[in-house]
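Heads up: the structure comes next, in structure tokens.
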Amino acid sequence: MIIWPTSEAMTRALALAREAAASGEVPVGAVVSFRGRIVGEGCNAPRTDHDPTAHAEIVAIRQAAKAMGSERLVDCELHVTLEPCAMCAGAIVHARIARLYYGASDPKGGAVEHGGRVFDQPQCLHRPEIYSGIGESEAAALLRDFFRERR
């Protein structure tokens with residue numbers, strides 16, 4: 001496994017994950033950047049918003065699309081603290097995100113290196129570059145601590 005340095009975008013995503021945890025949400029944060037500038041960010045909010053689609057990635061992608069004035073986020077990067085699920089991976093495909101960086105792997109719900117492996121499917125319309133393990137130890141610790149406190 002390659003250990004990648006935590007970028008400023010992932011540092012912000014980790015801060016957003018901590019905000020999610022503080023509000024009782026699963027601690028996941030996401031940031032969309034374009035040419036090094038953050039254009040969208042979000043943290044998990046399904047319980048808060050009463051919206052099952054309010055995953056950090058979806059919130060960040062929606063905000064970025066509005067900021068960019070386009071549903072296509074060509075040349076944008078997504079930094080997220082947890083491996084995206086199938087819904088979020090589908091949104092990444094449709095948004096045409098160029099590069100995906102994520103922290104912790106998710107063997108139960110992830111769909112990038114686990115489960116459905118959305119980007120590996122022949123029907124996949126777009127495949128981002130994928131970099132995993134960025135900020136992994138901190139992202140995994142946030143998740144472990146969050147679920148330990150709830151048991």
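The values are calculated or read from the model by the stated rules, or taken from the named source; none is laboratory data. Because the structure is predicted, anything quoted here is derived from the model rather than measured. Here the Cβ is made from the backbone with ideal geometry for all residues, glycine too, and neighbour counts use every protein chain on show. Note: accessible area is taken over every heavy atom of the protein model, side chains too, but ligands, DNA and RNA are not part of it. Shrake-Rupley method; radii C 1.70, N 1.55, O 1.52, S 1.80 Å.
Taking R0 as 35 Å, what FRET efficiency do you get between residue 125 and residue 48 from their Cβ-Cβ distance, rounded to the nearest 0.05?
0.65
List the trypsin sites (Lys or Arg not before Pro) within region 53-134 that fall in a DSSP loop (any state other than H, G, I, E or B) and whose Cβ has at most 15 other Cβ atoms within 10 Å.
Passing sites in region 53-134 are 72, 108, 117.
Report the charge-dipole magnitude of region 83-151 in Debye, nearest 20, computed about the Cα centre from +1 at each Lys and Arg Cβ and -1 at each Asp and Glu Cβ.
Value, rounded to 20: 180 debye.
Dipole of the chain, Cα-centred, from +1 at each Lys and Arg C-beta and -1 at each Asp and Glu C-beta, to the nearest 20 debye?
120
With all protein chains present, how much of the accessible area of region 49-106 (probe radius 1.4 Å) comes from carbon and sulfur, to the nearest whole percent?
Here it works out to 52 percent.
Out of region 60-118, which GluC sites (Glu not before Pro) are coil in DSSP terms and have no more than 15 other C-beta atoms within 10 Å?
Counting only loop positions with at most 15 other Cβ atoms within 10 Å, the GluC sites (Glu not before Pro) in region 60-118 are 71, 113.
Please figure out what share of the DSSP beta bridges in the chain is antiparallel and state it in percent, rounded to the nearest 5.
So the antiparallel bridges in the chain amount to around 55 percent.
Counting only heavy atoms of protein chains, what accessible area per residue, in Å², does the chain have with a probe of 1.4 Å?
Value returned for the chain: 52 Å² of accessible area per residue.
With all distinct Cα pairs included, what does the Kirkwood hydrodynamic radius of the chain come out to in Å, to one decimal, could you say?
Radius from the Kirkwood sum: 14.9 Å.
Once fully extended, how much extra length lies between residue 86 and residue 35, figured as 0.36 nm per residue of separation less the alpha-carbon to alpha-carbon distance?
Difference between extended and current length: 15.7 nm.
Compare the Cα positions of 52, 30, 143 along the charge dipole of the chain (+1 at Cβ of Lys, Arg; -1 at Cβ of Asp, Glu; about the Cα centre) and return the one farthest towards the positive end.
Among 52, 30, 143, the one farthest towards the positive end of the dipole of the chain is 52.
Show me the trypsin sites (Lys or Arg not before Pro) within region 1-61 that DSSP assigns to loop and that have at most 13 other Cβ atoms within 10 Å of their Cβ.
35
Which semi-axis lengths, in whole Å and largest first, follow from the square roots of five times the eigenvalues of the Cα gyration tensor of region 15-100?
In descending order the semi-axes read 20, 13, 11 Å.
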